[in-house]
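Structure first, then comments.
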Amino acid sequence: MRQKALTIVMDMKKKLFEFWSIFWKTSVFLFAFSILLTVVYRFVPVPVTILMLQRCGEQVADGKPMTLKKDWIALEDVPNCMPLAVVASEDQNFLSHNGFDFQAIEKAMKYNEKQKKRKRPKTKGASTISQQTAKNVFLWPSRSWVRKGFEVYFTALIELLWSKERIIEVYLNVAEMGDGIYGVEAASQQYFHKPSSKITPQQAAMLAAVLPNPRKYNAGQPSAFVQKRQAWILKQMSMFGGILDFSKKGEE
């Protein structure tokens with residue numbers, strides 16, 4: 001009886017060791033793979049994202065034709081007004097932070113706390129362009145804490161391994177800008193019937209204006225809200241001096 005119990009204990013220890021061995025090896029592999037993929041995407045255009053595939057699945061499920069319009073364009077081929085517009089709209093401290101804007105996070109937390117007292121509370125986010133890029137490229141759409149944890153990890157990773165120019169370039173190429181439309185090149189062709197290399201500051205601001213909810217708002221047929229937001233973005237762009245100066249990276 002004692003020998004049998006001892007055997008059971010030894011078997012349990014063996015299985016536990018095997019489990020931790022597999023877990024450790026898998027963790028090391030995923031860690032190494034995440035770094036390798038991040039390094040590769042520092043130089044290579046991102047071919048597709050999980051969000052793009054999910055949207056295609058949703059289109060098929062809804063009985064719609066599957067649409068996926070995207071066309072990679074290098075940052076140097078896009079007028080400076082386009083990255084300036086998204087920075088003015090989404091993340092004005094983009095050049096100075098290291099992936100996380102803690103002042104914006106604090107303001108958002110205070111705003112959301114006040115909103116809880118209202119009948120129809122609104123929530124305000126504080127995700128930086130770096131965080132949005134990490135989420136768009138490497139992760140799946142979700143509001144879980146697990147996904148948020150991975151977002152923090154990949155944000156730190158791209159801030160470490162990519163330049164600010166590369167982060168904004170990738171963002172401008174993978175951001176959802178309409179139903180089945182991704183990136184500024186596809187969006188410019190869809191809404192303005194011209195390449196993004198010829199986009200104007202007004203049009204850049206219009207594309208940036210729909211980013212909070214690109215499937216609800218339409219840059220080609222802007223609502224009064226989108227037009228108002230466009231005007232606000234143009235004003236913010238002028239406060240930057242009309243240009244996004246990457247030489248000021250790291251400056252407050």
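The values are calculated or read from the model by the stated rules, or taken from the named source; none is laboratory data. No experiment lies behind these values; they were computed from the predicted model shown. For neighbour counting, all protein chains shown are included, and Cβ atoms are generated from backbone atoms with ideal geometry for every residue, glycine included. Just the protein is used for accessible areas: all its heavy atoms, side chains included, with ligands, DNA and RNA removed. Shrake-Rupley method; radii C 1.70, N 1.55, O 1.52, S 1.80 Å.
Some observations on this one:
- Scanning the range 152-163 for residues that are crowded, with 20+ Cβ neighbours inside 10 Å and of a type outside the set (F, W, Y) gives T155, I158, E159.
- Considering K216, K235, the condition of being farther than 21 Å from V46 by Cβ and at pLDDT 95 or above is satisfied by K235 alone.
- Test: residue in the range 107-126 that is of a type outside the set (V, I, T), under 28 Å from N218 (Cβ atoms) and modelled with pLDDT of 95 or more: no
- Scanning the range 179-230 for residues that are among the hydroxyl-bearing types (S, T, Y) and surrounded by 18 or more Cβ atoms within 10 Å (Cβ to Cβ) yields a total of 5.
- The range 133-171, residues that are more than 11 Å from the chain's Cα centre (by Cα) and among the charged types (D, E, K, R): R143, R147, K148, E159, K164, E165, R166, E169
- Every residue from the range 53-65 that is touching a residue at least 40 places away in the same chain (Cβ under 8 Å) and either of a type in the set (K, R) or surrounded by fewer than 13 Cβ atoms within 10 Å (Cβ to Cβ) (or both): Q54, R55
- Close pairs from the range 218-231: first assigned to a loop (DSSP other than H, G, I, E, B), partner at pLDDT below 95, Cβ under 6 Å, at least 6 apart: none
- Screening G241 against (1) exposed (fewer than 15 other Cβ atoms within 10 Å of the Cβ); (2) modelled with pLDDT under 95; (3) on the phi < 0 side of the Ramachandran plot leaves a single unmet condition, (3).
- R229 being farther than 27 Å from T49 by Cα and more than 13 Å from the chain's Cα centre (by Cα): yes
- Condition check for K107: open to solvent by 40 Å² or more (accessible area, probe 1.4 Å) and more than 30 Å from G241 (Cβ to Cβ): no
- Given (1) in a loop (DSSP other than H, G, I, E, B); (2) more than 24 Å from H97 (Cα to Cα); (3) not β-branched (V, I, T), index of the condition G242 fails: (2)
- Near pairs, Cβ below 6 angstrom, 6+ apart or cross-chain, from the range 67-96 (within 14 Å of I167 (Cβ to Cβ)) to any residue that is open to solvent by 30 Å² or more (accessible area, probe 1.4 Å) and outside any loop (DSSP other than H, G, I, E, B): L75/E165; L95/K248
- Flag for L211 being among the hydrophobic types (A, V, I, L, M, F, W, C), outside any helix (DSSP H, G or I) and within 22 Å of I105 (Cβ to Cβ): yes
- Any hit, the range 141-163, residues being closer than 20 Å to F31 by Cβ, in contact with a helix residue (DSSP H, G or I) (Cβ under 7 Å, 6 or more places away or on another chain) and not in a helix (DSSP H, G or I): no
- Complete set of residues in the range 128-146 that are touching a residue at least 12 places away in the same chain (Cβ under 8 Å) and either charged (D, E, K, R) or open to solvent by less than 50 Å² (accessible area, probe 1.4 Å) (or both): T128, I129, S130, Q131, Q132, T133, A134, K135, N136, V137, F138, L139
- Yes/no for A32 being under 30 Å from S247 (Cα atoms) and either touching a residue at least 60 places away in the same chain (Cβ under 8 Å) or part of a helix (DSSP H, G or I) (or both): no
- Checking the range 172-186 against the condition returns a match, with at least one residue being over 18 Å from I50 (Cβ atoms) and either assigned to a loop (DSSP other than H, G, I, E, B) or within 13 Å of the chain's Cα centre (by Cα) (or both).
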